[in-house]
Structures are given as C-alpha cells and as structure tokens.
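Reading through the structure tokens given below for one structure.
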Amino acid sequence: MATASLDRTARIWDARTGLALTPVLAHDSPLTEVCFSPEGGRLLTVASGGRARMWDVESGSPLTEWFDQDRAFGAAFDRAGQRIALGGRGVHLWAVPRTSPPAPDWFLVWTEEIAGIRLDAQGTAELVMMSGTAPPLDGGFYDQLARWFLADPADRPGTPF
C-alpha cells in the first residue's frame, strides 16, 4: 500500500502490519497521486507542483529523475508498464526509462577495485588494491555489464545490453 501526503512525502507500507517498508519518499510540494506499476515493482508519485518521479517499491530508491509537467495532478501506467500518462492542463505521455535493479555489493566493490580508488566517509580518495577475486556472475543485469567491460574491446559490441 502507498500513501501520498500534503506534508510533501509518500510512503510504502505493509498493509498487513501497518509498518513502513521504505524510507520517506520526499518531494518539494504536497503530493496528489501515487500509482503502482502493473507488475507492482515501481511506484509513481505526483506532486502538486507538477513533478512526478518513479521509485523502487522494495528499497524506496528513486529510479528516475523528475518528470516535469505543469500542474500535473494525476498519473497512470499503461497496461504493459512501458509508458506513463501525467494529467494536468493536458495529458502528456512519457516512455518509462529502462531502469536497473539496485547495484549488488559485489559490483560496488568490484568497480572500486577496477578504478583503483574509492572515497571514504569524509570524501577523501584512497587507493584500492585488486583482490583478485572474480565477481559472482549470475546472468543478471550487473553480470552482463561486468562481462561486457571485461571483454576484449576489439570484440565487444557497442553496448552491453
């Protein structure tokens, strides 16, 4: 279950327990609408100022930048979850951008090792040594990205997907 509030927040809740499942989904103006995607994995929120955003239902992380439409007040996904309609002074259709799942911990560690650097909690750069451990490739989105990156540049296609 999801709620939209005049206090400029949306929340995703467990309907059985009443507990919040995600952190607050913050906006810059009061919300007028929340809408789940057909498969239930994404939430679209609309604020009275005309801004809309798509969120990951499981983590509460934003999946898109803001969609801006003057005076939007309503939203809907198409049946396939490939487009959204935002209603305001008129109706605008937006293609739903392709999103990736949140990066697994192994991918973040692996990219720091490839770069040879990471930022500590204070934002200071520190060197990172290669561990020599191969990432646990599982056939998913980040596996495809890692395999593409590691392939010989002369043989790899222009895009990993």
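The values are calculated or read from the model by the stated rules, or taken from the named source; none is laboratory data. This one's a predicted model, so the numbers in the text were calculated from it and none came from an experiment. A quick note on method: Cβ atoms are made from the backbone with ideal geometry, for glycine too, and the neighbour counts reach across all protein chains shown.
Sort out which residues of the stretch 3-21 are closer than 13 Å to residue 53 by Cβ and within 18 Å of the chain's Cα centre (by Cα), and write them in order of number.
Filtering the stretch 3-21 down to residues closer than 13 Å to residue 53 by Cβ leaves 4, 8-10.
If the condition is that a residue be closer than 13 Å to residue 53 by Cβ and within 18 Å of the chain's Cα centre (by Cα), then 9, 10 are the ones that fit.
Restricting 159, 111, 124 to those that are out of contact with any Pro (no Cβ under 8 Å at 6 or more places or on another chain), modelled with pLDDT of 80 or more, polar (S, T, N, Q) and exposed (fewer than 13 other Cβ atoms within 10 Å of the Cβ) reduces the list to 124.
Within the stretch 1-32, the set of residues being among the hydrophobic types (A, V, I, L, M, F, W, C) and over 17 Å from residue 44 (Cβ atoms) comprises 6, 15, 19, 20. For residue 52, the stated conditions hold: it is crowded, with 19+ Cβ neighbours inside 10 Å and either aliphatic (A, V, I, L, M) or at negative phi (or both). One residue alone among 133, 99 is among the polar types (S, T, N, Q) and either at pLDDT 80 or above or out of contact with any helix residue (DSSP H, G or I) (no Cβ under 9 Å at 6 or more places or on another chain) (or both), and that residue is 99.
Looking only at residues of the stretch 15-26 that are out of contact with any Phe, Trp or Tyr (no Cβ under 9 Å at 6 or more places or on another chain) and touching a residue at least 12 places away in the same chain (Cβ under 8 Å), we find that the one that is surrounded by the fewest Cβ atoms within 10 Å (Cβ to Cβ) is 15. A count restricted to the stretch 22-46 and to residues that are over 15 Å from the mean Cα position of the chain (by Cα) and over 24 Å from residue 98 (Cβ atoms) stands at 5.
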